[in-house]
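To keep things clear, I will list the structure first and then write my remarks on it.
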Amino acid sequence: MTITLEDEKRFVLLLSIEDLHGSGTKKQVLDNIDKQGYLVLTGHDLSQKSNRPELVWRNDLAFTRKHLVTDGYLDGSQHNQWRITANGRTYLQRLSSQINKNNQKSFQKLTRQAINRASHFIQQSKLEKLEIIVDSDIAALDFEEEHFEGTQNKRYTNYYERDTKLRAKAISIHGTTCMVCGFDFEKRYGERGKGFIEVHHLTPVSELGSNTKINPKTDLAVVCSNCHRMIHRKKDNILSLDELKKLLKAV
């Protein structure tokens, strides 16, 4: 899909507001666009309007902001407060995806910094969606273990395996296929199993220091529920992934 100049303006405006955690004054939003170098600015863009003390590019984006308010992508209820709406964030995701698919030479105003930020925003959005799914999975797991297995002391997973952000990052890196047996919940259960997998810490909790920094890529693995149970089944003999793989091959 072709990205128009108006699309580019809308994108950098919404992106700048996202940089400011979803809300900012006109000056903050436009100053951030300038600071981040999101737009290629010509001599005309940098000239001052004849009827007001404002640069042409800043005045243009102020008009773009009005269109975004009309379309429901920005909240116009507060004076001099440019706030992105939920629909606006979805729209930004869509624009980012389209920009990510286009060649840089096809853009009229977007810089490499803006294009790279689009790619980063897509990944950030995917991770946030994954965190919501993971939160729900953890809540369901907590309910099952506390209400059906007795006390919290019987949990077979540790703190690091239940941390929402760590789990989401691990799944984002390793995917949702069991690293021991190859089980895929979505292939087996369809939509119900989409995005589900459990996360396992490769180092026993007893060997971790209180200030241990966890690297989701090297310290965490993704495994199916059955394999996870078998890994943790005996507290004094927690299996490694390779040890469990050997057990599977032996039966």
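Where a number appears in this text, it was derived from the coordinates with a stated rule and is not lab data. Here the structure is a predicted model, which means the values were calculated and not measured. Using ideal geometry, Cβ is built from the backbone for each residue, glycine included, and neighbour counts are taken over all protein chains shown.
List of remarks:
- 10 °C / 1.306 mPa s Stokes-Einstein diffusion coefficient of the chain, Kirkwood radius on C-alpha pairs, µm²/s: 74 µm²/s
- Unpaired by the 4.7 Å Cβ criterion, cysteines found in the chain: CYS181, CYS227
- Neighbour-count ranking [beta-carbon atoms within 10 angstrom, fewest first] of ILE133, ILE214, ILE173: ILE173, ILE133, ILE214
- Helix-only mean residue ellipticity at 222 nm for the chain, each DSSP H run of n ≥ 4 adding -39500 (n - 2.57), per residue, nearest 500: -17000 deg cm²/dmol
- Loop-exposed trypsin sites (Lys or Arg not before Pro) per DSSP, neighbour cap 15 Cβ within 10 angstrom, longest uninterrupted part of the chain: 50-193
- With the charge dipole of the chain set up from +1 on Lys and Arg Cβ and -1 on Asp and Glu Cβ about the Cα centre, the Cα lying farthest toward the positive end among the listed residues HIS67, ALA168, HIS79 is that of HIS67.
- A run of the chain free of exposed loop cleavage sites, with GluC sites (Glu not before Pro) counted only in DSSP states other than H, G, I, E and B and at most 13 other beta carbons within 10 Å, reaches its longest extent at 150-251.
- Only the Cβ atoms of Lys and Arg (+1) and of Asp and Glu (-1) were treated as charged; on that basis the dipole of the chain about its Cα centre amounts to roughly 620 debye.
- Each of HIS79, HIS67 was scored by other Cβ atoms within 10 Å of its Cβ. Arranged with the fewest first, they read HIS79, HIS67.
- FRET efficiency for GLU54 and GLN98, using Cβ-Cβ distance with R0 set to 45 Å, rounded to 0.05: 0.90
- Fully extended contour minus Cα-Cα distance, from ASP71 to SER172, at 0.36 nm per residue: 33.1 nm
- When each of SER125, SER47 is scored by the number of other beta-carbon atoms lying within 10 Å, the sequence from fewest to most is SER47, SER125.
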